[in-house]
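Undergrad: Right, I'll just put the structure down here and ask away after.
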Ligand code: SF4
């Protein structure tokens, strides 16, 4: 195990020479916002204003190497779930490109496109909402691999193997999702994703809705699957403790932009960006080994009208006049460590 890798990392270290399995190149994703009553009235009387938009992801470049576990962290509304959907192919970028094994995913056609689509699977926060409540777990797990001709032998044997892999009793396969506990349902969601043989799992707050005791079990399942199958993860979470436990590398987002990106232990020992430093400010919990993290002073500004310059400047204790007008560039400040802060001028490349 190389220095700096988390304790779980028994799987082969990510191959730094290989092209990234997935790479966002200058990805921007913009959403239109439903006009309010005033805007609708103005439109009717011929005084239409430009449609308001939200830039949920703003010019993000990020690469994920095969076998790597990348933690994507930020407050609610920072764009991390939207970026996860772009990486998983559920949303096309508005601008920029999403590369898959070095190929533009939008340019893939036919069998290549399908292969790339199956190779990235998403695990959602609420398994109840993402599982069809009217069909049995057998059909939920078998649906996609059957459709794509991935099952060579018996469907039952295939489903049993997927269920055993995630710690579920195959005898439960004829039950409906509501007959499972929350943790079991999340395991069903993971089994469904694994059933098509993915290379990359995008886990979007995949344990956030579970009880704390169950969270640990599901994290351990993700770790075991990573080791056993050599999976790559983009692990989206607001929980820094979880991200530290599971990730090789941590990417920090703020209001649609990546503000810092480094190996996990580098982030936790030498955070550079003032936003990351605020996120990491720990609050000791008396008489327990638990560590909690402070919430950051000030509100996250509305993504409808983000502050100019550095988006973090209204909450940053080091903000200067330049920060209010000029967008800081995300640049390498040490090998493998990128940060976007004017305070770094003169550092790194
Ligand atoms: Fe703070 Fe300025 Fe750095 Fe932004 S660029 S994090 S406002 S010091």
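What follows draws every value from the coordinates through simple rules; no lab data is involved. Note that the structure is a prediction, hence the values are computed from the model and not measured. Don't worry about glycine lacking a Cβ; one is built from the backbone with ideal geometry, like all the others, and counts go over all protein chains shown.
Undergrad: Taking only Cα atoms and a 10 Å spring cutoff, compute GNM fluctuations for the chain and point out the largest among 311, 245, 178.
TA: Ranking 311, 245, 178 by mean-square fluctuation puts 178 first.
Undergrad: Dividing the Cα radius of gyration by the Kirkwood radius, what Rg/Rh value follows for region 7-271?
TA: That ratio is 1.01, to two decimals.
Undergrad: Could you order peptides 27-33, 220-226 by the average number of other Cβ atoms within 10 Å of their residues, highest first?
TA: 220-226, 27-33
Undergrad: When the scattering of region 160-264 is computed by the Debye formula from its Cα atoms alone, each counted once and equally, what is log10 I(q)/I(0) at q = 0.14, 0.19, 0.20, 0.23 Å⁻¹?
TA: -0.59, -1.00, -1.09, -1.35
Undergrad: Listing 253, 128, 163 from the residue with the fewest other Cβ atoms within 10 Å to the one with the most, what is the order?
TA: Ascending Cβ contact count within 10 Å gives the list 128, 163, 253.
Undergrad: Quick one: check the C-alpha center-to-center distance for region 69-125 versus region 240-283, whole angstrom.
TA: 21 Å
Undergrad: I would also like to ask the following. Could you give the spread of the C-alpha atoms of region 221-272 along their three principal axes, from largest to smallest, in whole angstroms?
TA: Computed over region 221-272, the largest-to-smallest principal extents equal 34, 24, 17 Å.
Undergrad: Taking the chain as the reference, fit the longest principal axis to its C-alpha atoms, fit the long axis of helix 110-119 to the helix C-alpha atoms, and give the angle between the two in degrees, 0 to 90, nearest 10.
TA: 90 degrees
Undergrad: Oh, and also: Reported to two decimal places, what Rg/Rh ratio describes region 24-105 when computed on Cα atoms with Rh from the Kirkwood expression?
TA: Over the Cα atoms of region 24-105, Rg/Rh equals 1.13.
Undergrad: At a threshold of 8 angstrom on Cα-Cα distance, excluding pairs fewer than six apart, so keeping six or more, what relative contact order does the chain reach in percent?
TA: Value for the chain: 20 percent.
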